[in-house]
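S.K.: Let me begin by handing over the structure; questions about it come next.
The values are calculated or read from the model by the stated rules, or taken from the named source; none is laboratory data. Just so you know, these numbers come straight off a predicted model, no measurement behind them. With ideal geometry, Cβ positions are generated from the backbone for all residues, glycine too; neighbour counts draw on all protein chains shown.
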Amino acid sequence: MKTKVVIFSLVALLLLLSSCEGQKTKTEQPQTAAPPLTSEQTDAESTPSDSQATGVITAPSPSLPGSNPVNVVSGNLVDERFELVSLVFRLAGNPEYSEASTAYQREIHSTFAGFRSHSVVTYTTQNLRFGYDAVFNMAIHLEKVGESFSLVENYGFLVENASGFIRWTEMNAVKFVELLNDFYLETNFADFFHKHIELYKEQSALFENDVLNQIDFEWFKQHGFNPDNMITVLSPSSSRNGYGGWVYAAAPEDTLVYAALPVTDDYKGYLSFVLHEFSHALGNPLAAVWYAENPEFRHWSDSSVDLERYPEYANGFTMACEYVTRAFVTLYMAETAEMDLIQLFHTEKSQGFPYIQNVYAMITDQEVIEYIWDIGTILGIDEYIIGEEQSINIGGRIIKWHIVDLLDHVLSLEGFNSSEVGNAFGSETGDVLYVIIGGSEYLYIDLGSAQNHGWSARHRMYSVFQLESR
């Protein structure tokens, strides 16, 4: 039976918009509680779990009809606005917009490298000391008329900073758009964009088939969303981050809710990724209220800040937004995909959100669900053998591990999501490892090569769980 959920309508969202600056989300495969296990100190970042994207907007129907008024090319999810704005922040040196690991990223990098001294880039470098979702939120608050861009009429959410974060203001937003229009014409960006339309359509069709067709958009109606106005944006130029954003309208049902994702060769695991970005429009407003009014919730959020692991979640309010957003994704997965709630909780706990059960209880009519998570519970088997201990020294840190013998049990990997990438163990697909790092114990399940996700052939994708008892 479905749990009774707090119905948080877009009317309520409108009342809370001044408290809801969109927060950058982590990619769909964030780092786990254990530090990344790689012998190369530069290979510590995981691949998409809270990712990025841009796109010419289209409503997420299976046929991608382009019925949404902001869609300019039917069947294309790559948004010229976001590609343009993220290019400026690329030239300004923002690392989250500066990746050059694909042929397309290298092309855009080399094509526009000569415009680093343009006035909009200089202005951005000197005055706009932010990035991540703030860049995406500027893009979706632009409208194009002819060959120039202007702020949409209802851009109040973009420039209000009631949450205390100084990002876009009336003055710097207007100035940025003025300089952006000159940049757009001088660089002839329109020609570059339209030159790649077929590439964009190809990626959009793949994403539609692999991800969008799997989403129950009707589920969001109970929370006040209009499925026709839930807009997916893909970005071939962005790196590994994902963003949520929304543009308010006078009528709540006309509010546009966005999810931005990066382009990849393999969209496996992107279902929860895109759900996460859409769910920020649910999570952030509630988090703003609870963070201000509920001392216990504020403590959970503040105490979960981990600058070494999640430098982009640098304060308690950002963590609060992540907590509530992840709780809504958990609810979706439990209700529509019938996934095991305990496993969903532990996945979030292993990714650095120890109070997820408590937050889930806040958005539902349930008591906090308590459980003990051990190897047998995770694997769904009663008998196994822990093999001999092995160890490795990585930068003075001793990592110990044991191969877990499943005693002829065949483990299905379909129910596990990648949460860490590493190359320390030399494991193979399907291997299960009992790992000890410091005083903590973890279970690592090898899901296969990470090569198709931007890593080297040596890197493996793991589903990681922190053990509570052995």
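S.K.: Looking at 253, 202, 218, 277, can you tell me which residue is out of contact with any strand residue (DSSP E or B) (no Cβ under 6 Å at 6 or more places or on another chain), in contact (Cβ under 8 Å) with a residue 12 or more places away in the chain and part of a helix (DSSP H, G or I)?
M.R.: On the way: 202 fails: in contact (Cβ under 8 Å) with a residue 12 or more places away in the chain; 218 fails: in contact (Cβ under 8 Å) with a residue 12 or more places away in the chain; 277 fails: out of contact with any strand residue (DSSP E or B) (no Cβ under 6 Å at 6 or more places or on another chain).
When all the criteria are applied, what remains is 253.
S.K.: Which numbered condition in (1) in the same structural domain as residue 87 (by TED's automatic domain parsing); (2) of a type outside the set (Lys, Arg); (3) under 17 Å from the mean Cα position of the chain (by Cα); (4) surrounded by fewer than 24 Cβ atoms within 10 Å (Cβ to Cβ) is the only one that residue 249 fails?
M.R.: Checking residue 249 against (1) in the same structural domain as residue 87 (by TED's automatic domain parsing); (2) of a type outside the set (Lys, Arg); (3) under 17 Å from the mean Cα position of the chain (by Cα); (4) surrounded by fewer than 24 Cβ atoms within 10 Å (Cβ to Cβ), the one that fails is (3).
S.K.: May I pose another question? Consider only pairs whose beta carbons are under 9 Å apart and that are at least six residues apart or on different chains; among these, list those whose first residue lies in region 181-197 and is assigned by TED's automatic domain parsing to the domain that holds residue 84 and assigned to a helix (DSSP H, G or I) and whose second residue is among the hydroxyl-bearing types (Ser, Thr, Tyr) and surrounded by 19 or more Cβ atoms within 10 Å (Cβ to Cβ).
M.R.: Matching pairs, first to second residue: 190/184; 193/200.
S.K.: Go through region 119-131 and report how many residues are out of contact with any Asp or Glu (no Cβ under 6 Å at 6 or more places or on another chain) and assigned to a loop (DSSP other than H, G, I, E, B).
M.R.: From region 119-131, those out of contact with any Asp or Glu (no Cβ under 6 Å at 6 or more places or on another chain) are 119-130; that's our starting set.
Among the residues that remain, those that are also assigned to a loop (DSSP other than H, G, I, E, B) are: 128-130.
Result for region 119-131: 3.
S.K.: Among the residues that make up region 285-292, is at least one of them touching a helix residue (DSSP H, G or I) at 6+ places or on another chain (Cβ under 7 Å), closer than 21 Å to residue 219 by Cα, of a type in the set (Phe, Trp, Tyr) and at pLDDT 95 or above?
M.R.: Checking region 285-292: not a single residue is touching a helix residue (DSSP H, G or I) at 6+ places or on another chain (Cβ under 7 Å), closer than 21 Å to residue 219 by Cα, of a type in the set (Phe, Trp, Tyr) and at pLDDT 95 or above.
S.K.: Would you confirm whether or not region 348-355 contains a residue that is surrounded by fewer than 18 Cβ atoms within 10 Å (Cβ to Cβ), of a type in the set (A, V, I, L, M, F, W, C) and in contact (Cβ under 8 Å) with a residue 12 or more places away in the chain?
M.R.: At the first step, the residues of region 348-355 found to be surrounded by fewer than 18 Cβ atoms within 10 Å (Cβ to Cβ) are 354.
In the following step, the residues that additionally are of a type in the set (A, V, I, L, M, F, W, C) were identified as none.
No, that holds for no residue.
S.K.: Now, a different point. Do we find that residue 438 is surrounded by fewer than 19 Cβ atoms within 10 Å (Cβ to Cβ), touching a Ser or Thr at 6+ places or on another chain (Cβ under 6 Å) and of a type outside the set (Phe, Trp, Tyr) in this structure? Step through it out loud before you land on a result.
M.R.: On the way: surrounded by fewer than 19 Cβ atoms within 10 Å (Cβ to Cβ): yes; touching a Ser or Thr at 6+ places or on another chain (Cβ under 6 Å): no; of a type outside the set (Phe, Trp, Tyr): yes.
Criteria not met by residue 438.
S.K.: Quickly run through region 248-279 and pick out the residues that are of a type in the set (Gly, Ala, Ser) and at pLDDT below 90. So that I can check it myself, show each step before the final result.
M.R.: Residues of region 248-279 that are of a type in the set (Gly, Ala, Ser), as a first pass: 249-251, 259-260, 269, 272, 279.
Across region 248-279, the qualifying residues are 249, 250, 251, 269, 272.
S.K.: Another one. Yes or no: residue 161 part of a helix (DSSP H, G or I), over 15 Å from residue 181 (Cα atoms), at pLDDT below 95 and not charged (D, E, K, R)?
M.R.: It is false that residue 161 is part of a helix (DSSP H, G or I), over 15 Å from residue 181 (Cα atoms), at pLDDT below 95 and not charged (D, E, K, R).
S.K.: Ok, one more. Please work out if residue 282 is under 17 Å from the mean Cα position of the chain (by Cα), at pLDDT below 95 and either β-branched (Val, Ile, Thr) or in a helix (DSSP H, G or I) (or both).
M.R.: Numbers: under 17 Å from the mean Cα position of the chain (by Cα): yes; at pLDDT below 95: yes; either β-branched (Val, Ile, Thr) or in a helix (DSSP H, G or I) (or both): yes.
It is true that residue 282 is under 17 Å from the mean Cα position of the chain (by Cα), at pLDDT below 95 and either β-branched (Val, Ile, Thr) or in a helix (DSSP H, G or I) (or both).
S.K.: A follow-up question, please. Which one of these is among the polar types (S, T, N, Q) and not in a helix (DSSP H, G or I): 209, 154? Give the steps one after another, and end with the answer.
M.R.: Details: 209 fails: not in a helix (DSSP H, G or I).
The conditions single out 154.
S.K.: While we're on this one: Cβ-Cβ distance below 6 Å, separation of 6 or more or different chains: which pairs start in region 69-88 with a residue that is aromatic (Phe, Trp, Tyr) and end on one that is at pLDDT below 90 and outside any helix (DSSP H, G or I)?
M.R.: Between residues of region 69-88 that are aromatic (Phe, Trp, Tyr) and residues that are at pLDDT below 90 and outside any helix (DSSP H, G or I), the close pairs are 82/54.
S.K.: Just a yes or no: is a residue in region 257-274 closer than 29 Å to residue 143 by Cα and in a loop (DSSP other than H, G, I, E, B)?
M.R.: Among the residues of region 257-274, at least one is closer than 29 Å to residue 143 by Cα and in a loop (DSSP other than H, G, I, E, B), which makes the answer yes.
S.K.: Right, next: Out of all the residues in region 330-340, which are assigned to a helix (DSSP H, G or I) and farther than 17 Å from residue 221 by Cβ? Lay out the reasoning, then the answer.
M.R.: Initial filter on region 330-340 (assigned to a helix (DSSP H, G or I)): 330-336.
Correct list: 330, 333, 334.
S.K.: While we're here: So, in region 108-123, how many residues would count as being surrounded by 16 or more Cβ atoms within 10 Å (Cβ to Cβ), under 17 Å from residue 193 (Cβ atoms) and not hydrophobic (A, V, I, L, M, F, W, C)?
M.R.: 1
S.K.: Give region 89-118 a look and list any residue that's part of a loop (DSSP other than H, G, I, E, B) and touching a residue at least 24 places away in the same chain (Cβ under 8 Å), or say none. Steps first, answer last, please.
M.R.: Keep residues of region 89-118 that are part of a loop (DSSP other than H, G, I, E, B), which gives 92-94, 98-102, 116-118.
Answer for region 89-118, where residues must be part of a loop (DSSP other than H, G, I, E, B) and touching a residue at least 24 places away in the same chain (Cβ under 8 Å): 92, 93, 94, 98, 99, 101, 102, 116, 118.
S.K.: Could you check residue 228 against (1) closer than 22 Å to residue 81 by Cα; (2) in contact with a Gly (Cβ under 7 Å, 6 or more places away or on another chain) and say which number it fails?
M.R.: Result: residue 228 passes all but (2).
S.K.: Test of understanding: among 284, 229, 294, 315, which residue is more than 17 Å from residue 352 (Cα to Cα) and without any contact (Cβ under 8 Å) to a residue 24 or more places away in the chain?
M.R.: Numbers: 284 fails: without any contact (Cβ under 8 Å) to a residue 24 or more places away in the chain; 229 fails: without any contact (Cβ under 8 Å) to a residue 24 or more places away in the chain; 315 fails: more than 17 Å from residue 352 (Cα to Cα).
Just a single option satisfies the conditions, and that option is 294.
S.K.: If a residue counts only when it is of a type in the set (Phe, Trp, Tyr), which strands (runs of 3 or more DSSP E) contained entirely in region 384-470 have at least 1 such residues?
M.R.: Details: elements: 385-394, 397-405, 420-422, 432-437, 440-449, 460-466.
Per the criteria, 397-405, 432-437, 440-449, 460-466.
S.K.: Related question: So how many residues does region 358-379 have that are assigned to a helix (DSSP H, G or I) and either exposed (fewer than 14 other Cβ atoms within 10 Å of the Cβ) or of a type in the set (D, E, K, R) (or both)? I'd like the intermediate steps shown before the answer.
M.R.: Initial filter on region 358-379 (assigned to a helix (DSSP H, G or I)): 358-363, 375-379.
Filter once more, keeping what is either exposed (fewer than 14 other Cβ atoms within 10 Å of the Cβ) or of a type in the set (D, E, K, R) (or both): 376.
Result for region 358-379: 1.
S.K.: Still on this structure: Scanning for something touching an Asp or Glu at 6+ places or on another chain (Cβ under 6 Å) and farther than 14 Å from residue 187 by Cα, does region 99-117 turn up at least one residue? Can you show your working first?
M.R.: Going residue by residue through region 99-117, those that are touching an Asp or Glu at 6+ places or on another chain (Cβ under 6 Å) are 105.
Now narrow it down to the ones that are farther than 14 Å from residue 187 by Cα: 105.
Yes: region 99-117 contains one or more residues that are touching an Asp or Glu at 6+ places or on another chain (Cβ under 6 Å) and farther than 14 Å from residue 187 by Cα.
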